[in-house]
Amino acid sequence: MDSRRPERAPVWIAVLAALGAAFFIVPLVGLVVRTPWGDAWRSLTSPDTLEALRISLVASLTSTAVALVLGVPLAWVYARVDFPGKALVRALTTLPMVLPPVVGGIALFLAFGRRGLLGQWLDSAFGITLPFTTAGVVFAETFVAMPFLVLTVEAGLRSMDRRFEEAARTLGARRWTVLTQVTLPLIAPSVAAGAVLCWARALGEFGATITFAGNFPGVTQTMPLAVYLLLGTNHEGSFVLSLLLLLVSLAVLVGLRHRWLGSA
């Protein structure tokens, strides 16, 4: 039982807090109020919307899978291994969290474009071209979303009780067995939370995607890009798709609130 008594906020703090909350809530209420509910189903089931939704789901889920394969080992290295330049490498690999997405798209172009550092080699050696393709969407979304998974898993690794790993080694368990049978089950909640955050960020990615992959219906046009396109042709349709993305984001935050608040 929590023995702490709830405090009563001074009037000036309550007023400023209410204004702060209203700053976020009013625009969201405006979106809900202005959404044309009578045409919502038609907008959501139109061929263009369904195609954009398909590409969004395929790209975001694929980028999340790539982030899990690459990000969990990276988080383990950050949490457990010391090496020269670790702080710099860690900063660079989490930089996309605060980097303007358009800048990230340009950086991807310079690295993986046809004349990029690696892109020209991929094109000449394997005939692989990433810009303006669905694979390019996956690359862009992974670039901006994977840091969320890495930081969440790293935090889980740093906070776990390592005595369980030590006990397993004392009993003769090999490193792989300790990792798969002890470490990963203990940090499974952190991995799951990081994966969901990564997926939600990938699903809502816009700037890096449109810069690196373009906005081609049926190929690279994701839901956020479809919303952007509809703003110029069908405002009410853009409201419906925006509301759908809002509900997805809200569901993610509500589902993971215990990760930050420590309560149900």
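The values are calculated or read from the model by the stated rules, or taken from the named source; none is laboratory data. This one's a predicted model, so the numbers in the text were calculated from it and none came from an experiment. Here Cβ is always computed from backbone atoms with ideal geometry, including for glycine, and neighbour counts include all displayed protein chains.
Could you count how many residues in the stretch 127-139 are among the aliphatic types (A, V, I, L, M) and either outside any loop (DSSP other than H, G, I, E, B) or in contact with a Lys or Arg (Cβ under 7 Å, 6 or more places away or on another chain) (or both)? Residues meeting the conditions: 3. Scan the stretch 117-139 for residues that are farther than 24 Å from residue 65 by Cβ and buried (at least 17 other Cβ atoms within 10 Å of the Cβ) and the total you get is 1.
From the residues in the stretch 84-134 that are of a type in the set (Ser, Thr, Tyr) and under 26 Å from residue 204 (Cα atoms), which one is farthest from the chain's Cα centre (by Cα)?
Initially, the stretch 84-134 is screened for residues of a type in the set (Ser, Thr, Tyr), giving 93-94, 124, 129, 133-134.
Subsequent filtering for residues that are under 26 Å from residue 204 (Cα atoms) retains 93-94, 129, 133-134.
Details: 93: 14, 94: 12, 129: 24, 133: 20, 134: 17 Å.
Among those residues, the one meeting the criterion is 129.
Could you list, in sequence order, all residues of the stretch 73-102 that are free of Cβ contacts under 8 Å to residues at least 12 places away in the same chain and surrounded by fewer than 14 Cβ atoms within 10 Å (Cβ to Cβ)? Hits for the stretch 73-102 are 73, 81, 82, 83, 84, 85, 86, 87, 88, 91, 92, 98.
Taken over the stretch 140-193, residues that are basic (Lys, Arg), without any contact (Cβ under 8 Å) to a residue 12 or more places away in the chain and in a helix (DSSP H, G or I) amount to 3.
In the stretch 175-185, the count of residues that are of a type in the set (D, E, K, R) and modelled with pLDDT of 90 or more is zero. Each residue in the stretch 200-245 was checked for being surrounded by fewer than 23 Cβ atoms within 10 Å (Cβ to Cβ) and acidic (Asp, Glu), and 1 of them qualify.
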